[in-house]
């Protein structure tokens, strides 16, 4: 029995039949997981039939080669659309049937997932206790919620929450409109969990409830059952379907440093010898008790004076000198962490930031690091916004690199937007808004060695670089 994916569907408390369906199975070399949630459009006769047709088409989805996964997913949605339209022609009683669906291919081996989506079923990524909504709801109420005009509770109770703008089987528009099918890909790190679900869950259970259920239970089966049971406890007004897919690889554990390996600066040179003399000196004999007691008093006075001096220095160096060491780092928000993970784990030399995954503007509260040999980041007008109290660089390019490129990325409100050392940066359509230093390049040269070099500031990015995936 597999332990890294599981699907469950339930009729709910109000419906007499189940128009939901799902797919959850391994493909190819068992390093790929195919998962889908399909919801027959409520109120249309034949929704259950449309869901069954789509499930059959999805189950035959070809997932090789990996370089064409999204292309194959688009073809699969179009094939399902055609099958439903053909069914309408041959069965007049099902003339109004349609469905909405979310399809995922999880590439466990390469720590990536790919998705295609139409309608108001949903895809979430659960990582380190944070839940991120990946797909968009193709509905009027979904648009209001995604744009911030409605909060979650208002959207869940809105009278038009089940009215959708897109579905499989509505028309042949899906064949000609490239924007009809929402697609994307993202890192799928060890320990990550994907949740695919129908609106029967999200109309009954809010984000906090979903996070609570995903954090409980040792198995995906228990987590899925908890979600379905909670939806039913809250009313169960619709069919409820949940599919969970987990990257079963063990997340890297960070071993805390041992106490004796931590090196801290001495505020005053005299403190360490004092501490050592107290800890390691032999126990004084009774005949020398008075001398030992006197020495102890003197040492205490010296330590007290050192403490007072250190406190005084701290008050004078509140701007962050050696005497004031700030060891508390702010916790990244979920979008910020997703972006750092994308920098770290994207395959090939090109990263395309999908607006279905990254919600612009992305609030930056800590430095983003790029530790890649070469990387071209295509942002499509996305904005990186400095958090209110953040005064560091937005992006630091570390180490020795060939070249890092940015295309259509906007920086807003940073003391330093891009900081790099001994390397080149390529910019195309990049904007710096209210940034004190747009690009800071720190060059270092060998001591006493003559240098002959031409130092460029920046150069333009000619054309979109070829993806070497």
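The values are calculated or read from the model by the stated rules, or taken from the named source; none is laboratory data. This one's a predicted model, so the numbers in the text were calculated from it and none came from an experiment. Note that each Cβ is placed from the backbone with ideal geometry, even for glycine, and that neighbours are counted across all protein chains shown.
In table form, for the structure just shown:
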| item | result |
| --- | --- |
| Members of region 428-452 that are part of a loop (DSSP other than H, G, I, E, B) and either within 15 Å of residue 383 (Cβ to Cβ) or in contact (Cβ under 8 Å) with a residue 60 or more places away in the chain (or both) | 429, 430, 434, 435 |
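One line per residue, one yes/no per condition, for (1) in contact with a strand residue (DSSP E or B) (Cβ under 9 Å, 6 or more places away or on another chain); (2) assigned by TED's automatic domain parsing to the domain that holds residue 154; (3) under 18 Å from residue 14 (Cβ atoms); (4) crowded, with 16+ Cβ neighbours inside 10 Å:
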position	(1), (2), (3), (4)
220	yes, yes, no, yes
228	yes, yes, yes, yes
233	no, yes, yes, no
241	yes, yes, yes, yes
